[in-house]
Amino acid sequence: MGRAGATPEPTHGGGEPPAPQHVAIIMDGNGRWAKARGLPRTAGHERGVEALRRTVEAAGDLGIRYLTVFSFSTENWRRPAAEVNTLFGLLKAYVQRDLQRLKNEGVRIRVIGQREGLPPDIADLVNRAESETVGNTKFHLSIAFNYGSRNEILRAAEAYAKALNDGTENGPLTEEAVKSFLDTKDLPDPDLLIRTSGEYRISNFLLWQAAYAELLFMDVLWPDFGRTQLEGAIAKFHERERRFGAVIPGAS
Ligand code: FPP
C-alpha cells in the first residue's frame, strides 16, 4: 500500500522541530482535584473551565493554531445525572459567556462529537457558536463534546456507505476519503496529545487522528493546568524526534 499523501515528513537534523501546530488535550483530574479539597466533583469541573480559559489564551500566545479539548465523552453518560447536567451546563455557560470575546479575538469554534442526543438548547448554542465564528482563522478551538472516537469512525463509515449509495462517492476508499467523513475533516492531525492527571490512556479520543501524535502524560490535575504547564509540554515536545515511520538520514 502506498504512503498516505497527508503523512508529514520527519522532522530532525539540527534545530528544533516546529512548534506544535495542533495540540489535543484530555482534561483529566477534575474529580480528584475537588476530592483533595473536600469539594464536590462539580467544583472540580468548574475550576476545569477556568483552566480551559487559561490554556486557550496561552496556546494562542505560544503560537499553537489548533487546540482540541475533550470535554464530554460518549462514555461520560454513565456518570450520575447531576454530574452530566453540570457538564452540559458548563458548556452552555462557557459558550454564552465567552463566545463574543473569542469571536472578536479571531477564534473559530468547532464542537466535535455526536450532535444527536444533545439537548436542543445546547445543540442550538453549539450551532450558533460555530456559525458565528466560521470566518475566523487565527485560532481554532475544537471542543469534543458527546465525543468518542469509535462513535466518530462508525458515523463516518455510515456516511460513506450512504454516499456510495447516493452516488456522491464511488471509491476507492482511501485514507483521505475516511478523513473527509470525520468530525475533524478540516483540522490537521494533532502533533501533541496531552493527558493530565497521571493516567496513561487515550480513552477513545482522536484514535484515527493521533496516529502520529506525540503522547505526553502529565501528573498535573486539569484544574491546575495553565500557561506554565503548557510551556512545559511544548518543551517536552521539542525534545521528541518525529519520524512518521521513516528512518532519519544519518541515524545509526
Ligand atoms: C475528567 O475529569 C474531566 C471531564 C470528564 C470533563 C472535562 C470538563 C471540563 C474541563 C470542564 C468543562 C468544559 C467545558 C467547555 C464543557 P474527571 O471528572 O474524570 O476527574 P477524575 O478522574 O479525577 O475523577
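Remark: pairs (first residue in the range 207-225, on the phi < 0 side of the Ramachandran plot and among the charged types (D, E, K, R); second residue modelled with pLDDT under 95 and crowded, with 18+ Cβ neighbours inside 10 Å; Cβ separation under 9 Å; 6+ apart in sequence or on different chains) = 214/242. Considering only residues in the range 13-54 that are of a type in the set (S, T, N, Q) and either touching a Phe, Trp or Tyr at 6+ places or on another chain (Cβ under 6 Å) or part of a loop (DSSP other than H, G, I, E, B) (or both), the one that is farthest from residue 218 (Cα to Cα) turns out to be 21. Looking at the range 188-210, can you tell me whether even one residue there is among the β-branched types (Val, Ile, Thr) and open to solvent by 30 Å² or more (accessible area, probe 1.4 Å)? Scanning the range 188-210, I find at least one residue that is among the β-branched types (Val, Ile, Thr) and open to solvent by 30 Å² or more (accessible area, probe 1.4 Å), so the answer is yes. Looking at the range 148-157, is at least one residue touching a strand residue (DSSP E or B) at 6+ places or on another chain (Cβ under 9 Å), within 23 Å of residue 31 (Cβ to Cβ) and not in a helix (DSSP H, G or I)? For the range 148-157, residues touching a strand residue (DSSP E or B) at 6+ places or on another chain (Cβ under 9 Å), within 23 Å of residue 31 (Cβ to Cβ) and not in a helix (DSSP H, G or I): present. Considered as a group, the residues in the range 108-119 that are more than 13 Å from the ligand (Cβ to nearest atom) and closer than 14 Å to residue 74 by Cβ include one that is surrounded by the fewest Cβ atoms within 10 Å (Cβ to Cβ), and that residue is 116. Residues of the range 24-35 that are open to solvent by 20 Å² or more (accessible area, probe 1.4 Å) and more than 9 Å from the ligand (Cβ to nearest atom): none at all. Of the numbered criteria (1) open to solvent by 70 Å² or more (accessible area, probe 1.4 Å); (2) closer than 27 Å to residue 41 by Cβ; (3) β-branched (Val, Ile, Thr), the one residue 122 fails is (1). The criterion of being within 11 Å of the ligand (Cβ to nearest atom), closer than 20 Å to residue 229 by Cβ, open to solvent by less than 10 Å² (accessible area, probe 1.4 Å) and at pLDDT 95 or above holds for residue 51.
Of everything in the range 211-249 that is of a type in the set (Phe, Trp, Tyr) and away from the ligand (no atom under 16 Å from the Cβ), the residue that is least open to solvent (accessible area, probe 1.4 Å) is 237.
Residue 20 falls short on exactly one of the conditions (1) within 18 Å of residue 144 (Cα to Cα); (2) in contact (Cβ under 8 Å) with a residue 60 or more places away in the chain, and that condition is (1).
Results for (1) modelled with pLDDT of 95 or more; (2) open to solvent by less than 10 Å² (accessible area, probe 1.4 Å); (3) among the small types (Gly, Ala, Ser), shown as yes or no for each residue.
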residue: 129; (1), (2), (3): yes, yes, yes
residue: 132; (1), (2), (3): yes, no, no
residue: 145; (1), (2), (3): yes, yes, no
residue: 153; (1), (2), (3): yes, no, no
residue: 162; (1), (2), (3): yes, no, no
residue: 165; (1), (2), (3): yes, no, no
residue: 170; (1), (2), (3): no, no, no
residue: 179; (1), (2), (3): yes, no, no
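Considering only residues in the range 57-107 that are near the ligand (Cβ under 10 Å from one of its atoms) and closer than 16 Å to residue 25 by Cα, the one that is nearest to the chain's Cα centre (by Cα) turns out to be 69.
The values are calculated or read from the model by the stated rules, or taken from the named source; none is laboratory data. Worth saying up front: this structure is predicted, and the values here are computed from it rather than measured. Don't worry about glycine lacking a Cβ; one is built from the backbone with ideal geometry, like all the others, and counts go over all protein chains shown. These accessible areas exclude ligands, DNA and RNA; they are computed on the full protein's heavy atoms, side chains included. Shrake-Rupley method; radii C 1.70, N 1.55, O 1.52, S 1.80 Å.
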